[in-house]
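Note sheet for the following structure.
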Amino acid sequence: MKLDLKKLNLRQYLSKELLYLTIGIAVYLLYKYLVFSVPIHIFIRTKVFGVTNPRPGEITYYQMIIWFTTSFFYLFIIPFIAGLIIEGKNVWAKFGLKLPNAKKGLLATAALSAFMFICILIAVKLFPGFGKYYPMAKFAKTGVSIFIIYEICYFLYFIGWEFFFHSFML
């Protein structure tokens, strides 16, 4: 017996809210079990990045890069695609991603980012322990390009985290 998916209409049995909740729980469980899996980290580090003999501190760096990027995938990309399937073109407004005044928002973001950058520089100068603790992957301090990649991945992590818990699940 062949199952015809076109005739099977699950939407008639499930509300949008229940679909979102079901997808949210499934994605979060996948995230928790796959993102922190050591064999997956080793596979990605060796096959994707080509690092077979990591230097001291490099393992933590790659673990965090993998954690940050897979968090973005599981907590932003998959839920956004699910929302696109459920909502259609209305997905931007549904998740609060519509930019009513992009110019003002980008200007405020740039100003606040510059302010935070200055605050971080002051914190590093005033509190030596701050600079010793951050970034958490100490290997990121070994080069400018390595640090920039680390920070971009860290940014993606927060985009995914904020989207999942403040847009998708709400």
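Taking the range 50-67, which residues are under 19 Å from the mean Cα position of the chain (by Cα) and either closer than 18 Å to residue 133 by Cα or modelled with pLDDT under 85 (or both)?
Answer for the range 50-67, where residues must be under 19 Å from the mean Cα position of the chain (by Cα) and either closer than 18 Å to residue 133 by Cα or modelled with pLDDT under 85 (or both): 60, 61, 62, 63, 64, 65.
Taking the range 83-104 as the search range and keeping residues that are under 21 Å from the mean Cα position of the chain (by Cα) and part of a helix (DSSP H, G or I), which one is nearest to residue 155 (Cα to Cα)?
By that ranking, first place goes to 92.
Does any residue of the range 67-86 turn out to be farther than 15 Å from residue 160 by Cα and surrounded by fewer than 13 Cβ atoms within 10 Å (Cβ to Cβ)?
Checking the range 67-86: at least one residue is farther than 15 Å from residue 160 by Cα and surrounded by fewer than 13 Cβ atoms within 10 Å (Cβ to Cβ).
Give me the residue from the range 87-118 that is of a type in the set (A, V, I, L, M) and at pLDDT below 85 and, out of that set, surrounded by the most Cβ atoms within 10 Å (Cβ to Cβ).
91
Considering only residues that are over 20 Å from residue 27 (Cα atoms), open to solvent by 70 Å² or more (accessible area, probe 1.4 Å) and not in a helix (DSSP H, G or I), which ones fall in the range 120-170?
Passing the criteria: 127, 134.
The values are calculated or read from the model by the stated rules, or taken from the named source; none is laboratory data. The shown structure was predicted, so the numbers you read here are calculated from the model rather than taken from an experiment. Backbone-built Cβ (ideal geometry, glycine too); neighbour counts: all protein chains shown. Keep in mind that these areas ignore ligands, DNA and RNA; they rest on the heavy atoms of the full protein, side chains included. Shrake-Rupley method; radii C 1.70, N 1.55, O 1.52, S 1.80 Å.
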